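The structure under discussion appears below in the form of structure tokens.
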Amino acid sequence: DLSKAMSQDGASQFQEVIRQELELSVKKELEKILTTAPSHEFEHTKKDLDGFRKLFHRFLQEKGPSVDWGKIQRPPEDSIQPYEKIKARGLPDNISSVLNKLVVVKLNGGLGTSMGCKGPKSLIGVRNENTFLDLTVQQIEHLNKTYNTDVPLVLMNSFNTDEDTKKILQKYSHCRVKIYTFNQSRYPRINKESLLPVAKDVSYSGENTEAWYPPGHGDIYASFYNSGLLDTLIGEGKEYIFVSNIDNLGATVDLYILNHLMNPPNGKPCEFVMEVTNKTRADVKGGTLTQYEGKLRLVEIAQVPKAHVDEFKSVSKFKIFNTNNLWISLAAVKRLQEQNAIDMEIIVNPKTLDGGLNVIQLETAVGAAIKSFENSLGINVPRSRFLPVKTTSDLLLVMSNLYSLNAGSLTMSEKREFPTVPLVKLGSSFTKVQDYLRRFESIPDMLELDHLTVSGDVTFGKNVSLKGTVIIIANHGDRIDIPPGAVLENKIVSGNLRILDH
């Protein structure tokens, strides 16, 4: 046993030496990269690379899944409040003064590449020619006009989206919304084998184009603080930020949640609220809130040991998932950032570059910081507050008559008899937005639809109605054109337009 212990000790000492050498090599590489920064970008680049070094150091320290499954417990009853209970408190008379302490932050770092679009995802048209960004500005302008307030909009851009977004912002100069932007950090991708940075200099052109990445939305705390904007907003009397993904069309400012934060029922201020909603079969992979070592903690599927993944996906044990609609105290962000006390698990995201090189990028998620804040709370909100548009299947839902648009907000049509949205699966011919738009002469009537699957070369004429379960499958080499005015109810259409009852 003694020799075994000695050999284990020797092995861990050896690993420690390797780790220290690797950190030193990475440090040297980063210093080399920094020397290529132009003087006006030097400070900014240095902050980015310092942030990366801290993350890389933690990455080397951590081994195996970051949660001990045995310690995961269901959250205590009162730590996740039903939205109805929050809403039942009503609204105070001074709702305007409460709203004036709020800032809306949208995560705007993503590109529209997964939907075949170039440029920022927020500039994709989603409804009546309006983009995600248009709808966001309309919502906040409506609030400011209705309550005579000054709620600003802050966009967290990435180096991928910053330039294009700023060009577009000029068109809102007459809107009653102050718009600020700051950039999330820019970190170097690392070679999967050597664990050294792929980048040779700070540029992102030529062979360096793919060498850099924005490190996930967990970077919001450091980059918001580093930008100076956090201090500016605190100086203006702002107290809370409402953070959400710009592609979640359900994430509008909720006055009841805001009131709950500003006027806590037990007098104890809550520094962090995460909106969660009930899982359906489509959400089994979403991160869930648990109790862990006496604190609320977000557990993502990537952190779960393999043997427990099925249990994690179970809808009966973990009934809710994180919508990524978060309400966070600005003063708390400042305090924790200054104490270097925001702890988020590292997400290791493997990628293959165009040339075939395997790299990894180290990321963090904004919601993972919940355990670092005091008196955190989950609020179980209606599903309508989670309406993300990740694919053209989602786009079809939000463009259809299932929703009506009012002052930038989408609400489910009263004519829809069930509270849930239909399950829509459009095949690969619809993946790109321009192909999708070409295949619909007009968006079908979907008020009575439960399920739609479309596969192959299919087009829809004007004024088509879809009801119940509709499955349309064009065989390879065949094309199906659904004629104008067609009503498909519980139908399977296959091959070369044989219409069968489902």
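Brief remarks on what is shown
- Entry comment: accessible area of the range 228-365 is 40 Å² per residue, from protein heavy atoms only and a probe of 1.4 Å.
- Length-normalised contact order of the range 397-486 in % [C-alpha pairs under 8 Å, at least 6 apart]: 24 percent
- Spatially, the range 62-110 and the range 403-439 are offset by 27 Å when compared through their Cα centroids.
- Ranked packing of 449-456, 219-226, 250-257, most packed first, by mean Cβ within 10 Å: 219-226, 250-257, 449-456
- When DSSP beta bridges are restricted to pairs lying wholly in the range 124-248, around 50% turn out antiparallel.
- Probe 1.4 Å - accessible area at SER316, Å² to nearest ten: 80 Å²
- Long-range HN-HN contacts of ASN325 with modeled amide H, under 5 Å: GLU275
- Net charge dipole size for the range 355-481 [Lys, Arg +1 and Asp, Glu -1 on Cβ; Debye, nearest 20]: 120 debye
- Divided by 2.2 N^0.38 Å, where N counts the residues, the Cα radius of gyration of the range 392-494 comes to 1.04.
- Among the protein heavy atoms of the chain, carbon and sulfur supply 50% of the accessible surface, probe 1.4 Å, non-protein parts ignored.
- Residues with amide H under 5 Å from that of SER494, placed H, sequence gap 5 or more: ILE473, LEU500
- Mean Cα-pair separation over length for the chain, i.e. relative contact order, pairs under 8 Å, 6 or more apart, %: 15 percent
- Take every DSSP beta bridge whose two residues both sit in the range 104-177; close to 40 percent of them are antiparallel.
- Antiparallel DSSP beta bridges within the range 69-385, percent to nearest 5: 60 percent
- Phi to ³J(HN,Hα) by Karplus 6.51 cos²θ - 1.76 cosθ + 1.60 over the range 233-238, Hz, x for Gly, Pro: 5, 4, x, 8, x, 6
- For the chain, a Kirkwood radius taken over Cα pairs fed into Stokes-Einstein (20 °C, viscosity 1.002 mPa s) yields D = 86 µm²/s.
- Sparsely packed GluC sites (Glu not before Pro) within the range 180-253, loop by DSSP, other Cβ within 10 Å at most 15: GLU193, GLU236
The values are calculated or read from the model by the stated rules, or taken from the named source; none is laboratory data. Bear in mind the structure is a predicted one, so any value in this text is a computation, not a measurement. Please note: Cβ atoms are built from the backbone with ideal geometry, for glycine as well, and neighbour counts cover all protein chains shown. The area values use the complete protein model at the heavy-atom level, side chains included, leaving out ligands, DNA and RNA. Shrake-Rupley method; radii C 1.70, N 1.55, O 1.52, S 1.80 Å.
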